[in-house]
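Worksheet: one structure, shown below.
Coordinate-derived values only; no laboratory data. Predicted model, so just to flag it, every value in this text is computed and none were measured. Neighbour counts run over all protein chains shown; Cβ positions are idealised from the backbone, glycine included.
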Amino acid sequence: MSQSAKTSWKALVKDAVELRRDLHRQPELTWAEQQTAATIRERLTQLDIEWRVCAETGTVATLNPKAKGRHLALRADIDALPIVEDSGVAWSSETEGCMHACGHDGHTAALFAAARWLKQHEADLPGPVTLLFQPAEEGGHGAKKMIEEGALEGVDAIFGWHNWPAIPYGQAVCPDGTVMAGNGTFRIEVIGQGGHASQPELCRDPVLAGSALIVALQQVVARRLPPQQATVLSVTSFDARSGVTVIPDRAVLEGSFRLADPSTRAVLSELIESVSQSTADAYGVRCEVTVYPRYDATINHSNEAALYRQALLDEFGDQALATQVAVPIMASEDFSYYLQHIPGAFALIGSDDGDGHDWPCHSPKYDFNDALIAHVARVYARLVGAPLPTSK
């Protein structure tokens, strides 16, 4: 039986929760979301929603394409992370070393709940609604690839969201301007001269130099950048493995940075390079520095952010925007690509209900709060001008 037939709101939400847990059991990594994509496409077909492949494992579908009103897009990300799950939930990952530790399974299920509801009210939509099921958000630049393959063609504005365990359930943030930071990573290879641990004077120790370099880099933000520009720089890896009596020839440092102001990227990248080279010179070693740009800051457009905030207030009540969580959040999102092309807005919606949904994203103990699915589906319905279910 086609799922496009009328379904009660309660049954629709129940089905979406079951879908979320099924997706959680079978997570797939960035650019490898083959079964996830197959499930999405099969369900869209069952809903009598036309779809097309976009960006390999991505899918684009449109409702009421001939409607005359503003063409809006709604986006969900579908990929998982290389993390061993330790949540203990009954629907834990069945894929070794891979889990939905960021809630993309929930984002996908919420968009499906919205899709099913909107399909039942397709004739009432004032304008076309495009559904984007995007792969490769976790560092794979999936949004960029979706755009390159025409996902935004004809779209006037786009909306997306992310669950956020640090925000109380029933509250959200959706500011004008920057909501999430841009990011980048770096790799520094320190090249010295190894030798016997008893003769350091004959060596050029990359471990010592690397240690000094860590201290110097951790002071870049505090002493070289204005405090008004929210920035984070973290050295996250130091690899200089050797024998216990051997000073190695090389050490490798890696790390990450976050920035709220896109103009800071060039300055910070130059500082990482110059501080590294100066410190290496001081310790008689060489270094090779590579800086990898990742995502730019996610910057909301004010008109769309205002519409989103009103939808959140209508859904959650007067306290919806009362959270004390500061923005921008210093995590990053490739939704930034969409907002560089067309107007739109991105919200962070709280999941911490005091019942175990406070584990941070990317934790092996994380699990998505299924109660958000119905809320977000209704928020999406509000944003696109669809009728709302008569009860929650």
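GNM on the chain, C-alpha springs below 10 Å: top fluctuator among ARG382, ARG52, ARG116? So, out of ARG382, ARG52, ARG116, the one fluctuating most is ARG52. For PHE257, the shell of other residues with beta-carbons less than 11 Å away shows a net charge of +3, using +1 for Lys and Arg and -1 for Asp and Glu.
Neighbour counts of C-beta atoms inside 10 Å place LYS145, LYS365 in the sequence LYS365, LYS145, starting with the fewest. Look at the dipole of region 182-293 built from charges on Cβ: of SER276, THR185, GLN228, the Cα furthest out on the positive end belongs to GLN228. Sequence-distant contacts, meaning Cα pairs under 8 Å at least 6 residues apart, place the relative contact order of the chain at 24 percent. Rg and Dmax of region 54-192, based on Cα coordinates, read 18.0, 69 Å.
Past 26 Å, Cα to Cα: identify those pairs from LYS6/LYS66; LYS68/LYS119; LYS66/LYS119; LYS10/LYS66; LYS145/LYS365, in the order given. Pairs exceeding the cut-off: LYS10/LYS66; LYS145/LYS365.
Longest span of the chain, sites excluded, free of GluC sites (Glu not before Pro) in DSSP loop with at most 12 other C-beta atoms within 10 Å? Answer from the scan: 154-392. Among GLY170, GLY154, GLY243, the largest mean-square fluctuation in a Gaussian network model of the chain (Cα springs under 10 Å) belongs to GLY243. Computed on the Cα trace of region 120-229, the radius of gyration divided by the Kirkwood hydrodynamic radius gives Rg/Rh = 1.21. Between region 93-159 and region 244-299, the C-alpha centres lie 35 angstrom from each other. Taking the inverse of the mean reciprocal distance over all distinct Cα pairs, the Kirkwood hydrodynamic radius of the chain comes to 22.5 Å. In sequence order, region 279-291 has phi-based couplings of 5, 4, 4, 5, 9, x, 10, 10, 9, 10, 10, 10, 10 Hz under the Karplus curve 6.51 cos²θ - 1.76 cosθ + 1.60, θ = phi - 60°, and Gly or Pro positions carry x.
Computed over region 182-293, the alpha-carbon pair-distance distribution with 10 angstrom bins reads 15, 45, 26, 11, 3, each value a whole percent.
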